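Visitor: The structure follows.
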Protein chains: 2
Amino acid sequence: MFKLSKKADYGLIAMKHLANHRQQHACSASEIAEEYGISATLMAKVLQKLARQSLVTAKHGSTGGYQLAKAPEKVSALEVITAIDGPVLITSCVTTHGNCDATERCSIKEPLRRVNESILSVLSTVTIAQLTEETPEPALVELKGMERLAVTG
Amino acid sequence: MFKLSKKADYGLIAMKHLANHRQQHACSASEIAEEYGISATLMAKVLQKLARQSLVTAKHGSTGGYQLAKAPEKVSALEVITAIDGPVLITSCVTTHGNCDATERCSIKEPLRRVNESILSVLSTVTIAQLTEETPEPALVELKGMERLAVTG
DNA sequence: TTTATATCCGACTGATTTGGTCTTACTCTA
DNA sequence: TAGAGTAAGACCAAATCAGTCGGATATAAA
């Protein structure tokens with residue numbers, strides 16, 4: 001398939017929640033989990049990963065919880081996704097070091113890499129602050145040559 | 001994760017191969033499979049799916065094989081991918097009918113749907129004909145507001 | 001200092017998906 | 001008619017993923 005893992009989903013939801021409660025107290029994992037009907041331990045695990053990548057700060061102790069480490073306008077969706085799922089690579093051929101077992105034979109590696117970069121750009125353009133239902137801007141990207149093709153999906 | 005299935009990969013490779021041998025005879029599944037070091041039966045399966053979606057035409061008999069049903073400039077990568085893997089949906093929340101189990105609580109459904117559409121646009125812009133190593137155009141898409149953010153990946 | 005609360009971390013399990021194979025039937029060409 | 005090839009579905013094994021559990025650690029309050 002071609003989709004985010006549920007953990008990445010939860011990560012985005014959590015980040016959005018923290019952004020909304022930025023001014024207030026730190027939010028505990030169970031508090032966020034309860035609000036969206038997600039297992040508390042699973043949400044904790046997701047938040048731990050985000051903390052390890054310094055996207056959120058964890059505060060220990062009885063009044064502890066999580067808070068955003070940066071302003072929500074400074075955090076992209078891509079950062080959250082890679083923090084949880086690792087690097088975003090659309091094909092097995094396109095790895096970080098750029099090789100697959102059929103490097104010489106595979107004829108579409110380079111063009112797919114470019115497609116991959118385009119998708120990275122889309123994801124890095126979207127910030128946590130923009131993840132609201134009432135985003136004013138309807139289109140996030142404008143495609144070159146879009147008039148040639150209609151979106152078939 | 002966030003990547004294409006190998007079958008979709010193989011589908012793109014096969015389509016590209018058929019595009020390159022367009023003028024010549026029809027290519028059998030085993031011929032393509034051998035060239036790229038892929039199992040023949042697996043490649044056959046992939047090609048069968050493509051044939052069912054009318055992306056390629058199958059010719060039976062001893063001189064049979066597969067041929068492109070349309071010009072390579074008229075077939076987008078998105079068509080090939082959806083033919084093999086089904087509809088492209090980046091999150092579990094974003095389904096074709098548009099619901100998940102936490103519809104009311106989930107606060108990022110609509111923005112993610114827009115991100116999804118952007119990715120669909122990217123994939124639908126790329127054609128089989130463009131899947132060559134020596135594509136003249138370096139950038140496939142141009143992003144609105146890209147100057148605000150650098151690609152972190 | 002003790003106790004309660006909360007995060008942290010790694011190991012573990014069960015279910016789902018996916019890559020890949022095999023078998024059988026069908027279709028066309030020579 | 002025989003051979004080459006496709007068509008289609010069942011089938012298996014490996015990898016991945018969602019979600020859980022338990023213990024360790026750090027903080028705050030009594």
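The values are calculated or read from the model by the stated rules, or taken from the named source; none is laboratory data. Keep in mind that this is a model prediction, so the values were computed, not measured. Note that each Cβ is placed from the backbone with ideal geometry, even for glycine, and that neighbours are counted across all protein chains shown. Ligands, DNA and RNA are stripped out before the accessible areas are found, and what is left, the full protein with its side chains, is counted by its heavy atoms. Shrake-Rupley method; radii C 1.70, N 1.55, O 1.52, S 1.80 Å.
Visitor: Looking at A:Ala44, A:Ala19, which one is within 13 Å of DNA strand D (Cβ to nearest atom) and assigned to a helix (DSSP H, G or I)? Explain how you work it out, then say what you get.
Guide: Details: A:Ala19 fails: within 13 Å of DNA strand D (Cβ to nearest atom).
Exactly one of A:Ala44, A:Ala19 is within 13 Å of DNA strand D (Cβ to nearest atom) and assigned to a helix (DSSP H, G or I), namely A:Ala44.
Visitor: For residues that are within 14 Å of the chain's Cα centre (by Cα) and surrounded by 16 or more Cβ atoms within 10 Å (Cβ to Cβ), tally how many sit in the range B:52-77.
Guide: 6
Visitor: Anything in the range A:1-27 that is within 10 Å of chain B (Cβ to nearest Cβ) and more than 29 Å from A:Ile90 (Cβ to Cβ)? List them, or say none.
Guide: Across the range A:1-27, the qualifying residue is only A:Asn20.
Visitor: Quick check on the range B:31-69: of everything there that is charged (D, E, K, R) and away from chain A (no Cβ under 14 Å), which residue is farthest from DNA strand C (Cβ to nearest atom)? Before you say what the answer is, go through the steps one by one.
Guide: As a first pass, look at the range B:31-69 and keep what is charged (D, E, K, R): B:31, B:34-35, B:45, B:49, B:52, B:59.
Subsequent filtering for residues that are away from chain A (no Cβ under 14 Å) retains B:45, B:49, B:52, B:59.
Working: B:Lys45: 6, B:Lys49: 11, B:Arg52: 14, B:Lys59: 7 Å.
Here the answer is B:Arg52.
Visitor: Now, a different point. Somewhere in the range B:2-13, is a residue part of a loop (DSSP other than H, G, I, E, B) and within 9 Å of DNA strand D (Cβ to nearest atom)?
Guide: yes
Visitor: Output the residues belonging to the range A:107-122 that are at the interface with another protein chain (Cβ under 7 Å from one of its Cβ atoms) and either at pLDDT below 50 or part of a helix (DSSP H, G or I) (or both).
Guide: Step one: of the range A:107-122, the residues at the interface with another protein chain (Cβ under 7 Å from one of its Cβ atoms) are A:107-108, A:110-111, A:114-115, A:118-122.
A:Glu110, A:Pro111, A:Arg114, A:Val115, A:Ser118, A:Ile119, A:Leu120, A:Ser121, A:Val122 - these are the residues of the range A:107-122 that are at the interface with another protein chain (Cβ under 7 Å from one of its Cβ atoms) and either at pLDDT below 50 or part of a helix (DSSP H, G or I) (or both).
Visitor: Starting from the range A:1-17, keep only residues that are closer than 25 Å to B:Gly86 by Cα and among the hydroxyl-bearing types (Ser, Thr, Tyr), then list their pairs with residues that are open to solvent by 10 Å² or more (accessible area, probe 1.4 Å) and more than 12 Å from DNA strand C (Cβ to nearest atom) whose Cβ atoms are within a distance under 7 Å, requiring at least 6 positions of separation or different chains.
Guide: Short answer, once both residue conditions are applied: A:Ser5/A:Asp85; A:Tyr10/A:Ile38.
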